[in-house]
Number of protein chains: 2
Amino acid sequence: MRKVDPEKHAAKRRLILDAAIACFARKGFHGTSTAEICAEAGMSPGNLFHYFPTKHTIIAAIVEEERQETAEIFRKLGEAEDLFAALLGFMDTVLELAGDPTYSSLALEIAAEAMRDERIGTLAAANDAELQGALAALLRGAASRNQIDRTVDAAGAARWIAAIIDGIFSRVAVDPGFKPKDEGAMLRLLLTRFLRPQG
Amino acid sequence: MRKVDPEKHAAKRRLILDAAIACFARKGFHGTSTAEICAEAGMSPGNLFHYFPTKHTIIAAIVEEERQETAEIFRKLGEAEDLFAALLGFMDTVLELAGDPTYSSLALEIAAEAMRDERIGTLAAANDAELQGALAALLRGAASRNQIDRTVDAAGAARWIAAIIDGIFSRVAVDPGFKPKDEGAMLRLLLTRFLRPQG
DNA sequence: TCATTATTAGACCGAACACTCTAATTTCGT
DNA sequence: ACGAAATTAGAGTGTTCGGTCTAATAATGA
């Protein structure tokens, strides 16, 4: 009786996912063929479809992976002392991610696909809810320590910070002069003025 | 000798463009077939391709049309007395546009396509440059009248306002709880705190 | 070793794609 | 009314798509 080796199986899936991410970032979900993913991953279609039954499940797996990554980032953030500084730190990592065109492309692609495909839309909404929840918790903590303005609604502000994050990824696509690395100062100014306790 | 009637010609093009916009918003540029556009416009492929030689030219025409629309909005805005109020008014119309899912879909689709297709990327960058230029001019005017903080760099702030605009359209895709109509107050708060003269 | 199951390759499939072609019809200056 | 140009229809083109199938090979427990 042979059994599946879960480690090898997972490694193969990751290989396919990485290949797919590279292709999708270059050409979009509907612009890349499964054959291209096969070529990038160095395997035959028979092999690829052994690990993912349809192209859609590959896309869904990528969106799901995205969620785990942001959750991971927040896990490290919650323990900070100055929670407003933690927020600014998080936004710095967002700018760093935006510096990677693959990541920006993928973020935009997912948002666009969310409007077309309800299944992806649901996944993306779940990711976003998690992000907003984490941001709101951070803001509530900061407010209770008087690190930010207590009169601002945390959930509402979290929503707009999420909008700014989305906006950063769109910038990369549409504004060739936008260099994420150079924008940290202005972003901090914006957030500080928006959130700091009003004198 | 018969000549082309430019009015009829333009009307036919607009009919096709409107049909294409409806399809693209539903299924994306690469997800809709030319046959679908034909069906939506109620014409044969022979007819459609008489007016647009390729699918790509249809997409490009739509992006170009987008530019003219934003230019038109700004034309009405420049004459205002209170330029910061004019900016807030512009952002209200953005929220209004974001309430139309067709418009939001299209905006996201264009951004995503800009990362993939260099020709669309160039067009989108031109649109964005025009938007940022108009915003920066507005901000400079407001600064010179002390309606906003004079120490903030106009071009830099314009870039981040553009990011927020992009973010609004992404919100619609990814956050089912985001109702553009209800977000005016928080957006005004954000912009006011960011830009108003610091005491 | 051997039976069994996991894994792999790649030829292959029907459907759908963007677009072309030919021919018919409409339009309008004369 | 006539003829040339503009417009239209829709069947047809070669290609590419996502995905299947068959069969060969590799790995493992007994």
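The values are calculated or read from the model by the stated rules, or taken from the named source; none is laboratory data. What you are looking at is a predicted structure, and each value in this text was computed from that prediction instead of being measured. We place every Cβ from the backbone using ideal geometry, glycine too, and count neighbours over all the protein chains shown. When the accessible area is computed, the model is the full protein with side chains, heavy atoms only, and any ligands, DNA or RNA have been set aside. Shrake-Rupley method; radii C 1.70, N 1.55, O 1.52, S 1.80 Å.
Return the residues of segment A:103-143 that are among the hydrophobic types (A, V, I, L, M, F, W, C), touching a residue at least 24 places away in the same chain (Cβ under 8 Å) and surrounded by fewer than 18 Cβ atoms within 10 Å (Cβ to Cβ); say none if nothing qualifies.
A:Ala126, A:Ala137, listed by residue number.
Would it be correct to say that A:Asp149 is surrounded by fewer than 19 Cβ atoms within 10 Å (Cβ to Cβ) and not in a helix (DSSP H, G or I)?
When the stated conditions are applied, A:Asp149 passes them.
Give just the number: which of (1) in contact with a helix residue (DSSP H, G or I) (Cβ under 6 Å, 6 or more places away or on another chain); (2) within 14 Å of chain B (Cβ to nearest Cβ); (3) open to solvent by 40 Å² or more (accessible area, probe 1.4 Å) does A:His56 not satisfy?
If we test A:His56 against (1) in contact with a helix residue (DSSP H, G or I) (Cβ under 6 Å, 6 or more places away or on another chain); (2) within 14 Å of chain B (Cβ to nearest Cβ); (3) open to solvent by 40 Å² or more (accessible area, probe 1.4 Å), just (1) comes out false.
I'm trying to understand the selection: among the residues of segment B:62-89, which are more than 14 Å from every other protein chain (Cβ to nearest Cβ), in contact (Cβ under 8 Å) with a residue 12 or more places away in the chain, of a type outside the set (D, E, K, R) and under 27 Å from B:Ala20 (Cα atoms)?
B:Ile62, B:Ala71, B:Ile73, B:Phe74
If a residue must be part of a helix (DSSP H, G or I), within 18 Å of A:Val63 (Cα to Cα) and open to solvent by less than 60 Å² (accessible area, probe 1.4 Å), how many such residues does segment A:12-38 contain?
11
For segment A:1-26: of the residues being at pLDDT 85 or above and within 6 Å of DNA strand C (Cβ to nearest atom), which is farthest from the chain's Cα centre (by Cα)? Step through it out loud before you land on a result.
Of the residues in segment A:1-26, the ones at pLDDT 85 or above are A:9-26.
From what is left, the residues that are within 6 Å of DNA strand C (Cβ to nearest atom) are A:9, A:12.
Working: A:His9: 25, A:Lys12: 23 Å.
Step by step, filter segment A:1-26, then rank; the result is A:His9.
Regarding B:Glu183, is this residue open to solvent by 10 Å² or more (accessible area, probe 1.4 Å), facing chain A (nearest Cβ under 9 Å), touching a residue at least 40 places away in the same chain (Cβ under 8 Å) and among the charged types (D, E, K, R)?
Yes, satisfied.
Return the residues of segment B:171-180 that are touching a Phe, Trp or Tyr at 6+ places or on another chain (Cβ under 8 Å) and either at the interface with chain A (Cβ under 7 Å from one of its Cβ atoms) or surrounded by fewer than 23 Cβ atoms within 10 Å (Cβ to Cβ) (or both); say none if nothing qualifies.
If the condition is that a residue be touching a Phe, Trp or Tyr at 6+ places or on another chain (Cβ under 8 Å) and either at the interface with chain A (Cβ under 7 Å from one of its Cβ atoms) or surrounded by fewer than 23 Cβ atoms within 10 Å (Cβ to Cβ) (or both), then B:Arg171 is the only one that fits.
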